[in-house]
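The structure appears below as C-alpha cells.
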C-alpha cells in the first residue's frame with residue numbers, strides 16, 4: 001500500500017504545450033529547487049518541469065546534497081535526466097526514488113537515518129552504494145536488474161526486495177546494535193561479504209552465493225548459509241560456528257578462538273593464515289592443508305582436536321537420548337520423571353560407552369554411519385527396558401540423531417543404601433581430607449543416616465556438611481527423603497599430630513542406615529585402611545582387590561575397583577582436569593561402571609579409552625588451598641573370565657591439568673593368583689544382573 005501511494009503520488013502529467021516540448025509535475029519542492037540548480041529554468045513556479053530542457057543531454061554526473069535535517073525527499077523527476085550516468089545523493093532522513101533514467105550506471109546514496117525506498121533499478125546499473133552513519137537504515141527495492149557488477153550496503157538494518165536479481169559482488173555491513181534477527185532476500189551473487197559482529201541470527205538461506213567472506217570478530221553461531229557456497233574466507237573468529245555448507249570446497253581462516261565444525265566431504269583446500277588450530281577431521285576430499293607461509297600439513301602430521309589439546313570434542317555429538325524411570329508406564333519421557341544415572345549406553349559396532357548425567361541424559365560422538373544403541377543397566381532392581389535397542393542414523397559429521405530414549409521400569413519399594421569412603425593419605429603434622437559418599441540405590445525414597453567412626457590417632461577439624469551429632473571419634477549426618485538414585489558426597493578434614501609415627505595404621509568406618517530393612521546390608525558399611533606416610537605421590541592409581549583366584553575370575557561376578565587420585569601441585573588453579581585410562585584387553589569394557597568422583601564430570605569410553613572430563617573444575621593449587629587441591633574418580637570393571645593363573649595386568653592413567661603435559665601414574669597391577677585371599681575377594685564382590 002505504501003509503495004502504491006508513492007506511485008500514485010509520483011505519477012506525472014504530460015502536458016500538451018509548445019510543439020516539441022513535454023512537461024511533468026515535480027511534487028517535491030526540494031527536488032524542484034535542485035533541478036533548477038543543475039538545470040536553470042527547468043522547473044517553473046507551479047512545479048512543472050520541462051523534460052526536454054536543453055541542458056539534460058549534457059548532464060551525465062551530478063551530486064545532490066539535500067538541505068535540512070529531518071526532511072523526507074521524493075526524487076521523482078530524476079528519471080527525466082536521460083543522459084545521467086553517475087548520481088550521488090545524500091539525505092538526512094527518508095528517501096524515495098521510484099524511477100531512474102535508463103542510462104544510469106553508478107548510484108550512491110548516503111543517508112543519516114531512516115529508510116530508502118527504491119523502485120525498479122535500471123538494467124544499465126552496474127554499481128550501487130547505499131550507506132549510513134552508525135544509526136543505520138532500511139532498504140526496500142522493488143526490483144533489481146538481471147545483472148549488476150557490485151552493490152555495497154553500509155550500516156544496514158533491514159533489506160527487502162520483491163524481485164531480486166544477480167550482483168557479482170555484494171557487500172553488507174549491519175548497523176550496531178541490531179536487536180532483531182536478520183533475513184536477506186533471494187539475491188544471487190558470486191561473492192558475498194558480510195561484516196558485523198553480532199549475536200543475532202542470520203538467515204541467508206534464500207540467497208545463492210558461490211563465495212562468502214566473513215569479518216573479523218564475528219560471532220556466527222546462528223547463521224544459515226546461502227545455497228551453493230563453494231568458498232569461505234573468515235578472519236578472526238571468536239565464537240562458535242554453524243555446520244559448514246555441504247557444497248564447500250575452499251576454506252581460508254584467520255585466527256580461530258573456538259571450535260571448528262567438522263569439515264564436509266568435498267572440501268579440497270584448507271588454509272589457516274596464522275597458526276593451525278586442531279582440526280575436527282580430515283575429509284577424504286582434502287588435498288591441501290596449509291598455514292602461515294604456506295606450510296603444508298599432511299593427514300599424518302595434522303593436529304586433531306582431542307581432550308588433551310582443546311575443549312573441542314574430537315568427534316562431535318552424533319547420538320543422544322535419555323535413560324529414565326518410567327513412573328507412569330507410558331513408555332515416553334514426561335517432565336519430572338527421574339533419570340537413571342546408574343545406567344550407561346553402548347553403541348555398536350564400535351562398542352563405545354557413555355555414562356548418563358544426573359537427569360539420565362547422554363550423548364556420544366560418532367563418525368557418520370548407522371549404529372545400534374542399547375542401554376547397559378547393571379542394576380539389580382530392573383524389571384524392563386523399553387525399547388531393547390535404538391537404530392541411529394548419523395548421515396554427516398556434526399549431525400545429531402536425537403530422541404534415543406530408554407524407559408526403565410523398576411521393582412517397587414526396595415530399600416538399598418550404599419556407601420563409599422576414600423581419604424587422602426595422613427601425614428604427621430598435617431590435615432588430610434576424607435570423602436564420604438552415600439547413595440540411595442533402591443527404588444523408593446529413604447531417610448538415611450550416615451555415621452563416620454574415624455581413627456583415634458586423628459582429631460576432628462571440620463566437614464563440608466555440619467553433622468547432626470559428634471563424639472571424640474565419630475560424626476553422624478541425617479539425610480531425609482533421599483530420592484531414588486540420589487548420591488550425596490561430603491568431605492571431612494582430620495588432623496594427624498606431628499608426634500604420630502610414620503607407618504601407624506589408620507582405620508575408618510562409614511555406615512549408612514535407614515528405618516527400613518536394607519535389601520543388601522553388606523554394602524552399607526565402607527572400611528578404609530591406610531598408614532601414616534611421610535610423603536607420597538598425589539597422582540596415582542589404586543585398585544581393589546589386587547588379586548583374584550582363577551575360579552573367581554571365571555565366574556565373572558567380581559569386579560576390580562580402580563581409584564585414580566589427582567592433585568594440582570602447580571602454581572595456579574586448574575580450570576580443567578582430564579583423566580585418560582586405556583583399558584586393558586584383559587578387561588570386559590562393556591562391564592564398566594562409574595562409581596564415584598570428587599567433582600562433577602562427563603565420562604565415556606571410546607576405543608577402549610576411559611575419558612573423565614572435569615570441565616570448569618577450577619581446582620586450586622596445593623600452595624593456595626591444599627585441602628581443596630585434591631580429587632579422584634572411581635570405577636569398577638570385570639576381568640575377562642578366561643584369565644589364567646599368574647596372569648598380570650598393568651594399568652596406568654594419564655592426568656592432564658588444563659593443557660599441560662600429562663602426568664602418568666605408577667602402574668596399578670592386577671594379578672590372577674590361586675593363592676588370592678578369599679576374604680579380599682568377598683569384600684569387594686557384587687552381582688551383575690542382566
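Here are the numbers for this structure:
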quantity	calculated
Per-pair calculated FRET efficiency, R0 = 45 Å: residue 483 and residue 367 via Cβ, rounded to 0.05	0.75
Per principal axis, descending, Cα span of region 452-492 in whole Å	37, 15, 14
Residue order, fewest to most beta carbons within 10 Å, for 487, 389	389, 487
Two-site label geometry, residue 468 and residue 302: point separation in nm, points 7 Å out along Cα→Cβ	6.0 nm
Stretchable slack from residue 195 to residue 659, in nm (0.36 nm times residue separation minus alpha-carbon distance)	163.7 nm
Inter-centroid distance (Cα atoms) of region 230-271 relative to region 427-470, Å	52 Å
Nearest-0.05 FRET efficiency for residue 142 and residue 181, computed from C-beta distance (R0 30 Å)	0.80
Mean ellipticity per residue at 222 nm, deg cm²/dmol - from DSSP H runs of n ≥ 4 across the chain, formula -39500 (n - 2.57)	-1000 deg cm²/dmol
Backbone N within region 85-111 under 18 Å of label point (7 Å from residue 168 Cα along the Cβ vector)	86, 104-108
Inter-label distance for residue 90 and residue 582, nm, one decimal - labels placed 7 Å from Cα along Cα-to-Cβ	6.9 nm
Translational diffusion coefficient (Stokes-Einstein; Kirkwood radius from C-alpha pairs) of region 417-531 at 20 °C, 1.002 mPa s, in µm²/s	147 µm²/s
DSSP bridge orientation in region 323-410 - percent antiparallel, rounded to nearest 5	85 percent
Residue-span extension gain [residue 243 to residue 669] - 0.36 nm each, minus C-alpha spacing	148.9 nm
Euclidean distance between Cα centres, region 655-678 to region 383-419, Å	31 Å
DSSP-defined beta bridges in the chain - what % are antiparallel, rounded to 5	55 percent
Exposure proxy ranking, count of Cβ atoms within 10 Å, fewest first, for 547, 541	547, 541
For region 540-683, convex hull volume per residue from C-alpha positions, Å³	108 Å³
Residue 625/residue 520 FRET efficiency (R0 35 Å; Cβ-Cβ; nearest 0.05)	0.40
Principal semi-axes in Å for region 363-451 [√(5λ), Cα gyration tensor, largest first]	38, 24, 9
Antiparallel %, DSSP beta bridges [both residues in region 255-352], to 5	50 percent
For region 74-100 versus region 618-633, the gap between their alpha-carbon centres in whole angstrom	71 Å
Zero-based 10 Å bins, Cα pair distances in region 226-296, whole percents	21, 59, 20, 0
Share of pairwise Cα separations in the chain, more than 39 Å, in percent	53 percent
Ascending count of other beta-carbon atoms within 10 Å, so fewest first, for 282, 420	282, 420
Nitroxide proxy distance, nm - points 7 Å out along Cα→Cβ at residue 453 and residue 503	2.7 nm
Degrees separating the helix 29-38 axis from the principal Cα axis of the chain, which is the longest one	60 degrees
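All of the numbers you see were taken from the coordinates with simple rules; none came from a lab. Because the structure is a prediction, the values reported are computed rather than measured. As a convention, Cβ positions derive from the backbone with ideal geometry for all residues, glycine included, and neighbour counts pool all protein chains shown.
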